[in-house]
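**Q** Take this structure, written in structure tokens, and hold onto it; I'll ask about it next.
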């Protein structure tokens, strides 16, 4: 079975540019999570969706960050405009709730973002 | 708020057992997880335990949970050089709520 698929794997761009990260969750999972990993702060939740609906976006750093989930098989995380302090590894994870057999969160390989 | 604490480093000799410890503060945590991250790679789910369990064993991995002390441990038997990685402890309330992670324990295996 395919796991969580993220693209691109690496992104290097100049500050001020728009960055779009993509995620395809595991088929049948209806919860999707975006996390960010940095050396200073470790792994932090940015936002998560249940059944394509955003539930908690309190971890989104600023209005420059936005996330969408237009359907059950796709989500995007957008940064506009990007800044050097946004450089990090961004992970997407998906799971299904307890009622469906308690699938734990499975992670994609991450997008390594560098803003110059 | 919720917090998960881990020691940052652990060094063991190849063939010995490794024990990585974790403490958490949220008594309502229902699921506790161990993830492994190798350099430059993503997070690999190793194992998880429900809060109504005390122990779970999976091949070389043994997870022990002490709910009273809010203490979780991961024991790796016969540690190999391929086990060198960062190990993250995480807790959550249910299958569709976010994970709260510790800072990770860097395991170094000396040949």
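The values are calculated or read from the model by the stated rules, or taken from the named source; none is laboratory data. This one's a predicted model, so the numbers in the text were calculated from it and none came from an experiment. Using ideal geometry, Cβ is built from the backbone for each residue, glycine included, and neighbour counts are taken over all protein chains shown.
**Q** Which ones in region B:27-38 are in a loop (DSSP other than H, G, I, E, B) and modelled with pLDDT under 90?
**A** B:27, B:28, B:29, B:30
**Q** Additional query: Are there any pairs, at least 6 apart or on different chains, whose C-beta atoms fall under 6 Å, with the first in region B:96-111 and away from chain A (no Cβ under 12 Å) and the second crowded, with 21+ Cβ neighbours inside 10 Å and part of a loop (DSSP other than H, G, I, E, B), and if so, which?
**A** Sorted first by the residue in region B:96-111, then by its partner, the pairs are B:109/B:79.
**Q** While we're on this one: Taking region B:41-58, which residues are assigned to a loop (DSSP other than H, G, I, E, B) and either more than 8 Å from chain A (Cβ to nearest Cβ) or within 15 Å of residue B:102 (Cα to Cα) (or both)?
**A** Within region B:41-58, B:51, B:52, B:53, B:54 meet the criteria.
This table checks each residue for (1) touching a strand residue (DSSP E or B) at 6+ places or on another chain (Cβ under 7 Å); (2) part of a strand (DSSP E or B); (3) closer than 17 Å to residue A:4 by Cβ.
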residue: A:35; (1), (2), (3): yes, yes, yes
residue: A:47; (1), (2), (3): yes, yes, yes
residue: A:58; (1), (2), (3): no, no, no
residue: A:78; (1), (2), (3): yes, yes, no
residue: A:82; (1), (2), (3): yes, no, no
residue: A:92; (1), (2), (3): yes, yes, yes
residue: A:112; (1), (2), (3): yes, yes, yes
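**Q** Can you name the number of the only condition in (1) crowded, with 21+ Cβ neighbours inside 10 Å; (2) under 21 Å from residue A:92 (Cα atoms) that residue B:46 fails?
**A** Going through the list (1) crowded, with 21+ Cβ neighbours inside 10 Å; (2) under 21 Å from residue A:92 (Cα atoms), residue B:46 breaks only (1).
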